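Presented below is the structure to which this report refers.
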Amino acid sequence: MTEEPKGEGEIAIKWWRSSKRASAAGAPPPEPGRTPEDEQLLERLAVQVVRHRMTVPAILFLESMKPLSFVGSQALYFFEPMVRALFAVPEYERFAALLERRDTMEALLVKIEARDDEERRAERQRREERRAARDAERKGKGHS
């Protein structure tokens, strides 16, 4: 008995099934967590965003871009030669690699929000201290 030649579609389906079984049996380990250097990079980004008072636009942008984070990372790789020609950006590749993982966007958002909360509390505290000093000064002048 001779076997009939298989169509391309059937071969593709068999290949897909075999690769699916192989990946299920020996699935690669999950991606490792972020390194301390990655965390520092994300923290520095959050500090810069809050320092320039761009928290709301940054959060809006990052939330809307979450589904496209991988595409954004690939765009960073594409523009890397031009960026490196114009600027000294030592952590450019690290940031592009971080964007490939969807959880990085969420981590960056959390860091920005936390840093913004800290900054708002500190600003409120400074305002209260100035107000208290101004009130104490007024009381001192009123009793003289």
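R0 = 30 Å: FRET efficiency of residue 127 with residue 71, Cβ-based, nearest 0.05?
For residue 127 and residue 71, the calculated efficiency is 0.10.
Could you check the simple spin-label distance between residue 83 and residue 136, using points 7 Å along Cα→Cβ, in nm with one decimal?
4.8
For the stretch 72-131, take every pair of Cα atoms, bin their distances at 10 Å starting from 0, and report each bin as a whole percent.
Reading upward from the zero bin: 20, 31, 23, 17, 9, 0.
Please state the relative contact order of the stretch 36-142 as a whole percent: Cα pairs under 8 Å, 6+ residues apart?
Computed over the stretch 36-142, the figure is 39 percent.
Around residue 123, what is the net charge, scoring Lys/Arg as +1 and Asp/Glu as -1 over all other residues with Cβ under 12 Å from its Cβ?
+1
What does the charge count near residue 138 come to, summing +1 for each Lys or Arg and -1 for each Asp or Glu among other residues with Cβ under 13 Å from its Cβ?
Charge balance in the 13 Å sphere: +3.
Taken together, the values in this text are just the output of simple stated rules run on the coordinates, not laboratory data. This structure is a prediction, so every number in the text was calculated from the model and none was measured. Methodologically, a virtual Cβ is constructed for each residue, glycine included, from the backbone with ideal geometry; neighbour enumeration extends over all protein chains shown.
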